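**Q** The structure under discussion is supplied below as structure tokens; questions concerning it will follow.
Just so it is clear, none of the values below were taken in a lab; they were calculated from the coordinates. No experiment lies behind these values; they were computed from the predicted model shown. Here Cβ is always computed from backbone atoms with ideal geometry, including for glycine, and neighbour counts include all displayed protein chains.
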Amino acid sequence: MTVKELNQLLKEKGYKFTSQRQYVFEVVTENQGKHLNSQEIFELVRNRFPEIGVATVYRTLSLLEAMGLIYGVDFEDGFRRYDIVKDDEEHRHHHLICLECGAIKEVEEDLLGTIEENIMKKNKFKVINHRVKFYGYCEKCLAKIERDQRSLT
């Protein structure tokens, strides 16, 4: 989405286009896939707009999420993390979360399509979206754990 499109969408929804809103949206867009938390977003926006307050960033994130431009997800690490909504995604992607280093990796495939079809058939319930988080160890941490276990034996 361009700045011009953001401006138009905000106006259509009855909101003013401000440079603060633009910068918050740009930071989330530029860091797509990194799942930044609100404090990280605030720090990056503050580099461009030093006068911005943390409350403005929180309100802007909330507004952009309510408008469906970004989405927040809780990885149970004490933070709400944000990413851009991709127009071509039917469902949000799944996440792999490393229990050792905290790395987050996206799984782009929709792994639950068949399950959703079965839910519809058996329960007459149309699933619109789902969120799945897999917890385990990334390649780097798994190799370290295996090295550490070998050194103990």
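**Q** In deg cm²/dmol, rounded to 500, what helix-only [θ] at 222 nm does the chain give when every DSSP H run of at least 4 residues adds -39500 (n - 2.57) and the total is split over its residues?
**A** -14500 deg cm²/dmol
**Q** Listing Ile84, Ile41 from the residue with the fewest other Cβ atoms within 10 Å to the one with the most, what is the order?
**A** Placing the least packed residue first, the sequence is Ile84, Ile41.
**Q** Mind running the shape call on the stretch 89-153? Use the C-alpha gyration tensor, a ≥ b ≥ c as the square roots of the eigenvalues: rounded below 1.5 for a/c, prolate if a/b tops b/c, oblate otherwise.
**A** Prolate is the answer for the stretch 89-153, as a/c is 1.5 or above and a/b outweighs b/c.
**Q** Enumerate the calculated ³J(HN,Hα) couplings along the stretch 32-43 in order (Karplus 6.51 cos²θ - 1.76 cosθ + 1.60, θ = phi - 60°), each rounded to whole Hz, writing x wherever the residue is Gly or Pro.
**A** For the stretch 32-43, the Karplus curve yields 3, x, 8, 6, 5, 8, 4, 5, 5, 5, 4, 4 Hz.
**Q** What does the extension gain come out to for Leu142 and Ile119, with contour length at 0.36 nm per residue minus their alpha carbon separation?
**A** In short, 4.8 nm is gained.
**Q** As a footprinting exposure proxy, order Lys133, Lys122 by other Cβ within 10 Å, with the fewest listed first.
**A** Ascending number of Cβ neighbours within 10 Å: Lys122, Lys133.
**Q** For Ser19, Ser151, what's the fewest-to-most ordering of other Cβ within 10 Å of each Cβ?
**A** Fewest-to-most Cβ neighbours within 10 Å comes out as Ser151, Ser19.
**Q** To continue, here is another question. Just checking my list [x] 9.7; [y] 12.9; [z] 8.3 against mean projected area of the Cα convex hull in nm² computed from this structure; which label fits?
**A** Only one option fits the structure, namely [y].
**Q** I've got another one for you. What is the extension gain from Asn129 to Gln39, computed as 0.36 nm multiplied by their sequence separation minus the C-alpha to C-alpha distance, in nm to one decimal?
**A** Result: 29.7 nm gained on full extension.
**Q** Just to check I understand the Karplus step: with θ = phi - 60° and J = 6.51 cos²θ - 1.76 cosθ + 1.60, what whole-Hz values come out for the stretch 64-70, glycine and proline as x?
**A** These are the phi-based 3J(HN,Hα) values: 4, 5, 4, 7, x, 8, 10 Hz.
**Q** Also: What area, in nm² and to one decimal, does the C-alpha convex hull of the stretch 1-87 cast on average over all directions?
**A** That works out to 5.4 nm², a quarter of the Cα hull's surface.
**Q** For the stretch 36-60 and the stretch 1-32, what is the centre-to-centre distance using only Cα atoms, to the nearest Å?
**A** 14 Å
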